[in-house]
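Before any comments, here is the structure.
No lab work stands behind these numbers, since they all come straight from the coordinates. Being a predicted model, the structure only gives us computed values, none of them experimental. Counting neighbours? That spans all protein chains shown, and the Cβs are built from the backbone with ideal geometry, glycine included.
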Amino acid sequence: MAVTEVKNNIKIDTSKVEFICPVCKAKKFLDIPKSVIAEAKQLTTMSIAHGLVCEHQFQAFVDKNFQVRGYQRVDFEIENDVNPVNSSNFNDSKFDDDTLFENLVLEGNYLEYKPRETKKKTEVTLQNQKNNSQKKNMSLEDIYNEFWEFIDENNENFRVFINNDLRRSQNPLLY
């Protein structure tokens, strides 16, 4: 079973499970889909990414009764991208449970925290959209002034601007 995306309007039956970091003993309840536990034969191994409970990554073994039966530290983690929650700024970060749950990737017995969008990406996207909308509102004169050297002398749409443009009379070799 694979849950690749959680929609806000779909209600997934979950159960709260308390996880305790085996390194720093930080505690946190996380919502775990009941279907993940139901599909397992005995214990379900869950990889808890750093940032979900604390700054450490670890594995938890959960039984059919949603009881954690043990933990295992992760000695080494290979990442293919940069996680926004790292040890240097973890305590300064403010995440609420809803935000964390929305960014969880649940696939079978695999649980991963993967933010969909960072605040910086959102700001860049909004700025690009604003710039694009400003470009669309250019007047005919603005377009002419931006691209005057590429506009043919015989272009009827820009005839008024071509006749009044001193740049063209100063550079007759361009045409």
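Spin-label pair residue 45-residue 107: with each label point 7 Å from Cα along the Cα-Cβ axis, the two points sit 1.6 nm from one another. Packing around the peptides 142-150, 27-35, 49-57, 70-78, taken as the average count of other Cβ atoms within 10 Å per residue, puts them in this order, highest first: 49-57, 27-35, 142-150, 70-78.
The length gained by stretching the chain between residue 26 and residue 137 to full extension, at 0.36 nm per residue less their Cα-Cα distance, is 34.5 nm. What FRET efficiency would be calculated for the residue pair residue 159, residue 128, taking the C-beta separation as r and a Förster radius of 45 Å, to the nearest 0.05? In this case the efficiency is close to 0.85.
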